[in-house]
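The values are calculated or read from the model by the stated rules, or taken from the named source; none is laboratory data. Everything numeric in this text was worked out from a predicted model, so none of it was measured. For neighbour counting, all protein chains shown are included, and Cβ atoms are generated from backbone atoms with ideal geometry for every residue, glycine included.
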């Protein structure tokens, strides 16, 4: 499917551009040309960028606080040199 008629950019090219690191409409335009002509595809580009951000947040591991979800924090241990000084 063509998402930008002016620059003849396909949906696949747009997704690849975003997956390669483009994070703004302007950056997408610099990398593949989409959104640099009439601008009618900019809302679609924004939608794909938002989806990519949502996916990245969903995949990012969350730091676990001590005691969260019934998990115990690991015991603290002294470093080898610190044990001799104590």
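Looking at residue 27, is it out of contact with any strand residue (DSSP E or B) (no Cβ under 8 Å at 6 or more places or on another chain) and at pLDDT 95 or above?
yes
Which ones in region 18-29 are exposed (fewer than 14 other Cβ atoms within 10 Å of the Cβ) and assigned to a helix (DSSP H, G or I)?
Scanning region 18-29 gives 19, 26.
Look at residue 73 and say whether it is at pLDDT below 95 and either closer than 17 Å to residue 2 by Cβ or assigned to a loop (DSSP other than H, G, I, E, B) (or both).
So residue 73 fits the description; yes.
Tell me which residues, restricted to region 30-54, are on the phi > 0 side of the Ramachandran plot and either assigned to a helix (DSSP H, G or I) or modelled with pLDDT under 95 (or both).
Matches in region 30-54: none.
Looking at region 2-17, which of its residues are over 14 Å from residue 51 (Cα atoms) and either in contact with a strand residue (DSSP E or B) (Cβ under 7 Å, 6 or more places away or on another chain) or in a strand (DSSP E or B) (or both)?
Correct list: 2, 3, 4, 8, 9, 10.
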